[in-house]
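The values are calculated or read from the model by the stated rules, or taken from the named source; none is laboratory data. Keep in mind it's a predicted model, so treat the numbers as computed, not measured. Virtual Cβ from ideal backbone geometry, glycine too; neighbours counted across all protein chains shown.
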Amino acid sequence: MTRPLDGITVVSLEHAIAAPFCTRQLADLGARVIKVERPGVGDFARAYDERARGLSSHFVWTNRSKESLTLDLKHPEALEALKALVARADVLVQNLAPGAAARMGLDHASLRAQNPRLIVCDISGYGEDGPLRDKKAYDLLIQSEAGFLSVTGSAQAPAKAGNSVADIAAGMHAYSSILAALLQRGRTGQGGHIDVSMLESLAEWMGYPMYYALDGAAPPPRAGAAHASIYPYGPFAAGDGGTVMLGLQNEREWKTFCDVVLQAPELAADPRFDANARRNQHREALEALILAAFARLTTDEVLERLDRAQIANARMNDMAGLWAHPQLKARDRWRQVDSPAGELPALLPPGRHSGFDYRMDAIPSVGQHTDSILRELGLPGETVARWRAAGTI
């Protein structure tokens with residue numbers, strides 16, 4: 001089947017998570033993604049850990065279906081080869097250190113004369129201008145700057161997200177911006193420049209707590225895994241050591257929860273608990289009653305009562321539970337992709353399309369496609385051999 005981005009070539013000067021996550025989405029849709037890496041070591045995310053059968057968990061997640069080209073861009077001939085490649089490309093993505101791409105002549109202003117259809121997407125911590133444009137930015141630092149840490153965690157201490165939420169936000173906004181730019185190019189014939197900031201991306205995701213604290217109002221309190229203002233809404237332990245997540249949204253559900261789940265219908269009219277505001281005010285007393293009721297039940301029994309009462313609920317899974325999740329299995333969401341460590345399981349992207357299948361190709365080794373890409377550019381074999389001997393590729 002024809003995929004939406006078949007025939008689109010993306011060159012990416014990428015490392016870590018934000019840009020690789022963006023370009024992997026483009027590859028999923030059929031784009032040819034050429035990942036430019038440092039000779040020998042490659043993207044430093046390759047060395048974050050060895051948890052995926054000897055490969056880095058971060059790298060495996062964000063780099064399938066790409067080609068790896070190694071170039072030492074401090075070498076003038078290698079830089080010229082890259083510019084020749086970009087001249088043929090549709091999209092250039094980069095998340096190098098602030099100003100690094102421009103110093104090499106790889107900014108949109110320098111490239112558009114040679115390739116006016118080129119879309120250049122720069123991903124940085126704070127954007128290309130403003131007082132913080134040159135400031136280094138890592139995921140946790142942006143979680144802090146964007147106020148994410150101030151609303152996440154317990155009352156006693158803030159907590160970062162368990163994954164790279166700022167990088168993911170920037171990668172997803174870069175991805176959607178590139179898709180929009182390709183649509184626009186289809187109308188105008190012209191490429192363009194996209195400036196994506198990690199801070200602005202995560203700030204967009206902080207819309208609810210920002211408006212909650214509008215005009216100097218108090219921000220939502222940190223409530224751990226519970227909801228800051230709705231109760232009961234959060235995790236509760238069952239008698240077998242499992243944890244159940246549940247959430248009530250209205251007074252009808254509260255009455256049903258008392259009747260069917262707690263089997264204590266008299267609680268529904270208790271003046272401490274007969275409205276959400278009062279349940280929230282007396283949450284410690286109500287928590288004790290809920291935990292006492294759940295202590296007599298297994299996790300499955302609690303979930304069965306909640307389902308019977310049509311109360312929204314979930315099992316608190318760990319990673320083993322997610323790998324084995326019956327819903328993902330039932331919907332056939334797993335595939336096998338090749339890698340330098342052999343086949344690895346990979347989750348299909350969200351969004352099942354009737355018109356095409358996602359591309360789910362191999363995770364490349366460092367420089368795996370260097371020779372073939374340089375041959376496409378017309379470089380003679382002796383030049384490639386000389387560059388390899390000199391460590392240029």
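Go through (1) assigned by TED's automatic domain parsing to the domain that holds V151; (2) surrounded by 15 or more Cβ atoms within 10 Å (Cβ to Cβ) and name the single condition L267 misses.
(1) is the only condition that L267 fails.
In the stretch 1-39, which residues are more than 18 Å from the chain's Cα centre (by Cα) and either polar (S, T, N, Q) or modelled with pLDDT under 95 (or both)?
Once the filter is applied, which keeps residues that are more than 18 Å from the chain's Cα centre (by Cα) and either polar (S, T, N, Q) or modelled with pLDDT under 95 (or both), the stretch 1-39 yields M1, T2, T9.
Scanning the stretch 75-132 for residues that are of a type in the set (K, R) and closer than 21 Å to C22 by Cα, which turns out surrounded by the fewest Cβ atoms within 10 Å (Cβ to Cβ)?
Filtering the stretch 75-132 for residues that are of a type in the set (K, R) and closer than 21 Å to C22 by Cα, the one surrounded by the fewest Cβ atoms within 10 Å (Cβ to Cβ) comes out as R88.
What are the residue pairs meeting all of these: first residue in the stretch 311-340, first residue over 30 Å from L262 (Cβ atoms), second residue assigned to a loop (DSSP other than H, G, I, E, B) and basic (K, R), Cβ atoms under 6 Å, and 6 or more apart or on different chains?
Hits for this filter: V337/R64.
Is it true that R296 is more than 33 Å from the chain's Cα centre (by Cα) and surrounded by 13 or more Cβ atoms within 10 Å (Cβ to Cβ)?
Numbers: more than 33 Å from the chain's Cα centre (by Cα): yes; surrounded by 13 or more Cβ atoms within 10 Å (Cβ to Cβ): no.
Taking the combined requirement at face value, the residue does not satisfy it.
Residues to consider are S65, S56; find the one that is modelled with pLDDT of 95 or more, at negative phi and in the same structural domain as A137 (by TED's automatic domain parsing).
Residue meeting the stated conditions: S56.
Tell me yes or no: at least one residue of the stretch 211-221 is surrounded by 17 or more Cβ atoms within 10 Å (Cβ to Cβ), of a type outside the set (F, W, Y) and in contact (Cβ under 8 Å) with a residue 12 or more places away in the chain. So that I can check it myself, show each step before the final result.
Filtering the stretch 211-221 for residues surrounded by 17 or more Cβ atoms within 10 Å (Cβ to Cβ) gives none.
No, the stretch 211-221 contains no residue that is surrounded by 17 or more Cβ atoms within 10 Å (Cβ to Cβ), of a type outside the set (F, W, Y) and in contact (Cβ under 8 Å) with a residue 12 or more places away in the chain.
Among the candidates E253, E287, single out the residue that is under 21 Å from G224 (Cβ atoms), touching a residue at least 12 places away in the same chain (Cβ under 8 Å) and among the acidic types (D, E).
When all the criteria are applied, what remains is E287.
Please go through (1) more than 25 Å from S197 (Cα to Cα); (2) touching a Pro at 6+ places or on another chain (Cβ under 7 Å) for R53 and return the number of the only condition it doesn't satisfy.
(2)
Quickly run through the stretch 177-212 and pick out the residues that are assigned to a helix (DSSP H, G or I) and closer than 22 Å to R112 by Cβ.
The answer is S177, I178, L179, A180, A181, L182, L183, Q184, R185, G186, R187, T188.
Within the stretch 105-121, does at least one residue satisfy the condition of being of a type in the set (D, E), assigned to a loop (DSSP other than H, G, I, E, B) and either farther than 13 Å from Q94 by Cα or modelled with pLDDT under 95 (or both)?
No, every residue in the stretch 105-121 fails to be of a type in the set (D, E), assigned to a loop (DSSP other than H, G, I, E, B) and either farther than 13 Å from Q94 by Cα or modelled with pLDDT under 95 (or both).
Scan the stretch 260-268 and give yes if some residue there is free of Cβ contacts under 8 Å to residues at least 12 places away in the same chain and either within 32 Å of the chain's Cα centre (by Cα) or farther than 19 Å from A223 by Cβ (or both), otherwise no.
Yes; the residues of the stretch 260-268 include at least one that is free of Cβ contacts under 8 Å to residues at least 12 places away in the same chain and either within 32 Å of the chain's Cα centre (by Cα) or farther than 19 Å from A223 by Cβ (or both).
Check the stretch 373-387 and report whether any residue there is under 30 Å from R3 (Cα atoms), assigned to a loop (DSSP other than H, G, I, E, B) and over 31 Å from the mean Cα position of the chain (by Cα).
yes
Scan the stretch 238-256 and give yes if some residue there is in a helix (DSSP H, G or I) and within 30 Å of E14 (Cα to Cα), otherwise no.
Within the stretch 238-256, none of the residues are in a helix (DSSP H, G or I) and within 30 Å of E14 (Cα to Cα).
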